[in-house]
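Asks: This is the structure I want to talk about, given as structure tokens.
The values are calculated or read from the model by the stated rules, or taken from the named source; none is laboratory data. No experiment lies behind these values; they were computed from the predicted model shown. Because the Cβ atoms are built from the backbone with ideal geometry, glycine has one as well, and the counts that use them run over all protein chains shown.
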Amino acid sequence: MSAYNILLLGSGGRESALAWKLSQSKLCKELFIGPGNAGTSQYGSNINLSVTDFEAIKQVCIDYHIDILFPGGEDSLVAGIWDYFKNDAELKHIIIAGPSKEGAQLEGSKAFSKKFMQRHNIPTAGYAEFTETNFDEGISYLKQHSLPIVLKADGLAAGKGVVIAQSVEEAIEAFTMMIKEAQFGDAGKTVVVEQFLAGVELSVFAFTDGTSYVLLPEAKDYKRIGEGDTGPNTGGMGAISPVPFAAGNFMQKVIDRIVNPTVNGLKAESIIYQGFIFFGLINVSGDPYVIEYNCRMGDPETEAVMPRLENDLVELILKMQQGKLDEVTVKHDSRAAGTVMLVSEGYPGTYPKGKAMSGLDKVEDSILFHAGTTNKDSHIVTNGGRVIAITSYGSNIQDALNKSFESAKHIEYEGKYYRRDIGFEFKN
Ligand code: AMP
Ligand code: GLY
């Protein structure tokens, strides 16, 4: 059996969970993580890299005889890393677990994804699209819109490009900031204005070879900084898997109305897509709608999903490349997984870095997926807003989360904060 050298791009909790999983595979020869964090070096070799410096990534691939490139986040995919590799004679043999630049537009452009959903009759919030040229029309549109009004910067804005305005005045202000003041740079020069959908969100993950696909365990993420889902949005403060309502009839609707038409739609439009499709869904009175697509796995969802995926991840990637995912049955660990994210004081606003961490070795019943951590003078210190994800298994969601909350108490650094109510809707 041959084995493969793998380069995983990224440095967050998601990449820690992916590195943890990839390193368990017999098909993984050497794993490199670029740039990684203080935790990922347990699973492979960290390499100092910027995920959008394609020239440097190319050199690493050549130097280390990389067979599989796994972009953890969206930045390199939206910037076209797939096309860069496939157009380079020295790189084109490398398997990439991610879509082409065109496919990555599902995440890279809200306007593109909205039109795609419309073309394929995929349920999503009604919307209109505006730029500088029809700015005045946009203002009139906002004035007659029902409240609240959802405004989205078209391009990547690191999760900050969505405003849910409770009044027309607030909506006009946000709209003007995005288009006239370029608040989100070029990303916000086109604005999608959409209908507000009320319901419970969940994240569904398909891994596709372009024709068939498998579904990974689903998850629910907790985006707000404050307990009771209050305060500003973050990258994600915790996750659970499974999601109790993601079963039976509801999941069948997700497959029939959303996943199948998406995979078939990409194929019908000849959009090259081999990789993950993350469906950010909302359950509106039993009917699923798409809030957003992402072209990669979620963070912190991955930290709850990978521990529940029993299949070999490298084998899944090989089946993807061969177009044989229809031969694969995904096996879920029957235990629940609960992830709690420890963050830095001030996050998602400004926060300090370089705070010394201790107590990591006291955690016994959980897996620690490092996110914003680094080594300084042979100590682990904080290096980001989201510092470390704590995942535990349990017989049910609460049991899993209780272990993660217990482990959270052992880890110390100045300004530690975490939500103690992850999974609150599913308390027995
Ligand atoms: P997005 O970046 O598109 O995922 O949006 C960020 C968050 O804003 C989502 O996770 C939702 O909580 C919320 N959101 C986005 N679009 C809508 C919508 N149409 N209705 C209600 N909430 C939304
Ligand atoms: N947790 C949401 C995301 O990864 O976009």
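Asks: Scan the stretch 397-420 for residues that are buried (at least 17 other Cβ atoms within 10 Å of the Cβ) and part of a loop (DSSP other than H, G, I, E, B) and report the count.
Replies: Of the residues in the stretch 397-420, 4 are buried (at least 17 other Cβ atoms within 10 Å of the Cβ) and part of a loop (DSSP other than H, G, I, E, B).
Asks: Hey, another quick one. Can Ala219 be described as in contact (Cβ under 8 Å) with a residue 12 or more places away in the chain and either over 18 Å from Asn283 (Cβ atoms) or away from ligand 1 (no atom under 16 Å from the Cβ) (or both)?
Replies: Answer is no for this residue.
Asks: Follow-up. Does the stretch 299-322 contain at least one residue that is closer than 26 Å to Pro123 by Cβ, of a type outside the set (D, E, K, R), within 13 Å of ligand 1 (Cβ to nearest atom) and at pLDDT 95 or above?
Replies: No - not one qualifying residue is present in the stretch 299-322.
Asks: Moving on to the next point. Which residues, taken from the stretch 189-216, are within 12 Å of ligand 1 (Cβ to nearest atom), among the hydrophobic types (A, V, I, L, M, F, W, C) and within 17 Å of the chain's Cα centre (by Cα)?
Replies: So in the stretch 189-216, the residues within 12 Å of ligand 1 (Cβ to nearest atom) come out as 192-203.
Add one more test, that the residue is among the hydrophobic types (A, V, I, L, M, F, W, C), and what stays is 192-193, 196-198, 200, 202.
Leu202, the sole residue that qualifies.
Asks: For residues that are hydroxyl-bearing (Ser, Thr, Tyr) and away from ligand 1 (no atom under 12 Å from the Cβ), scanning just the stretch 117-135, find the one that is nearest to Glu181 (Cα to Cα). Lay out the reasoning, then the answer.
Replies: Applying the first criterion (hydroxyl-bearing (Ser, Thr, Tyr)) to the stretch 117-135 yields 124, 127, 131, 133.
With the extra rule that they be away from ligand 1 (no atom under 12 Å from the Cβ), the set shrinks to 131, 133.
Working: Thr131: 12, Thr133: 14 Å.
Among those residues, the one meeting the criterion is Thr131.
Asks: Is it the case, given these coordinates, that Glu169 is more than 28 Å from Asn396 (Cα to Cα) and at pLDDT below 90?
Replies: Considered against the rule, which asks whether it is more than 28 Å from Asn396 (Cα to Cα) and at pLDDT below 90, Glu169 comes out as no.
Asks: Being of a type in the set (Asp, Glu), outside any helix (DSSP H, G or I) and touching a strand residue (DSSP E or B) at 6+ places or on another chain (Cβ under 6 Å) is the filter here; which residues of the stretch 48-107 pass it?
Replies: Our first condition is that a residue be of a type in the set (Asp, Glu); within the stretch 48-107, this holds for 53, 55, 63, 67, 74-75, 83, 88, 90, 102, 107.
Narrowing the set further to residues that are outside any helix (DSSP H, G or I) leaves 53, 67, 88, 90.
Hit for the stretch 48-107 is Asp67, nothing else.
Asks: Right, here's the next one. Restricting the search to the stretch 292-308, which residues are over 15 Å from Ala104 (Cβ atoms), within 14 Å of ligand 2 (Cβ to nearest atom) and not in a loop (DSSP other than H, G, I, E, B)?
Replies: Matches in the stretch 292-308: Glu301, Thr302, Glu303, Ala304, Val305, Met306.
Asks: Output the residue which, of all residues in the stretch 217-230 that are of a type outside the set (Asp, Glu) and away from ligand 2 (no atom under 14 Å from the Cβ), is nearest to Val254 (Cα to Cα).
Replies: Pro217
Asks: Separate question: So how many residues does the stretch 106-130 have that are within 16 Å of ligand 2 (Cβ to nearest atom) and surrounded by fewer than 22 Cβ atoms within 10 Å (Cβ to Cβ)?
Replies: 1
Matching residues to (1) in contact with a Ser or Thr (Cβ under 6 Å, 6 or more places away or on another chain); (2) within 16 Å of ligand 2 (Cβ to nearest atom):
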| position | (1), (2) |
| --- | --- |
| Pro232 | no, yes |
| Gly235 | no, yes |
| Asn249 | no, no |
| Val259 | no, no |
| Val290 | yes, yes |
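Asks: Can you tell me which of (1) of a type in the set (A, V, I, L, M, F, W, C); (2) surrounded by 17 or more Cβ atoms within 10 Å (Cβ to Cβ); (3) away from ligand 1 (no atom under 16 Å from the Cβ) is the one Val290 doesn't meet?
Replies: Of everything listed in (1) of a type in the set (A, V, I, L, M, F, W, C); (2) surrounded by 17 or more Cβ atoms within 10 Å (Cβ to Cβ); (3) away from ligand 1 (no atom under 16 Å from the Cβ), Val290 misses just condition (3).
Asks: Pairs, please: C-beta under 7 Å, at least 6 apart or cross-chain, first residue at negative phi and in the stretch 171-185, second in a helix (DSSP H, G or I) and of a type in the set (Phe, Trp, Tyr)?
Replies: Cβ pairs passing all conditions: Ile179/Phe135.
Asks: Any residue in the stretch 92-117 that's touching a residue at least 40 places away in the same chain (Cβ under 8 Å): show its pairings with residues that are among the basic types (Lys, Arg) and not in a loop (DSSP other than H, G, I, E, B) at Cβ separation under 6 Å, as long as the two are six or more apart or on different chains.
Replies: Hits for this filter: Lys110/Lys152.
Asks: Take the stretch 222-261 and flag every residue that is within 16 Å of ligand 1 (Cβ to nearest atom) and farther than 21 Å from Thr339 by Cβ.
Replies: If the condition is that a residue be within 16 Å of ligand 1 (Cβ to nearest atom) and farther than 21 Å from Thr339 by Cβ, then Ile258 is the only one that fits.
Asks: When only residues in the stretch 274-287 that are polar (S, T, N, Q) and not in a strand (DSSP E or B) count, which is farthest from ligand 1 (Cβ to nearest atom)? I'd like the intermediate steps shown before the answer.
Replies: Taking the stretch 274-287 first, the residues polar (S, T, N, Q) are 274, 283, 285.
This time we only want the ones that are not in a strand (DSSP E or B), so: 274, 285.
On the way: Gln274: 23, Ser285: 14 Å.
So, considering only residues that are polar (S, T, N, Q) and not in a strand (DSSP E or B), the one farthest from ligand 1 (Cβ to nearest atom) is Gln274.
Asks: While we're here: Looking at the stretch 358-391, which of its residues are in contact with an Asp or Glu (Cβ under 8 Å, 6 or more places away or on another chain), outside any strand (DSSP E or B) and more than 20 Å from Ala19 (Cα to Cα)?
Replies: Gly359
Asks: Given (1) of a type in the set (Lys, Arg); (2) surrounded by 14 or more Cβ atoms within 10 Å (Cβ to Cβ); (3) over 22 Å from the mean Cα position of the chain (by Cα), where does Arg386 come up short, assuming only one miss?
Replies: (3)
Asks: Would you point out the residue of the stretch 136-161, among those that are away from ligand 1 (no atom under 12 Å from the Cβ) and either of a type in the set (Asp, Glu) or under 18 Å from the mean Cα position of the chain (by Cα) (or both), that is surrounded by the most Cβ atoms within 10 Å (Cβ to Cβ)?
Replies: Glu137
Asks: Looking at Val340, Val305, Val314, Val330 in this structure, which one is surrounded by fewer than 22 Cβ atoms within 10 Å (Cβ to Cβ), among the aliphatic types (A, V, I, L, M), in contact (Cβ under 8 Å) with a residue 40 or more places away in the chain and over 19 Å from Ser113 (Cβ atoms)?
Replies: Of the residues listed, the single one that is surrounded by fewer than 22 Cβ atoms within 10 Å (Cβ to Cβ), among the aliphatic types (A, V, I, L, M), in contact (Cβ under 8 Å) with a residue 40 or more places away in the chain and over 19 Å from Ser113 (Cβ atoms) is Val330.
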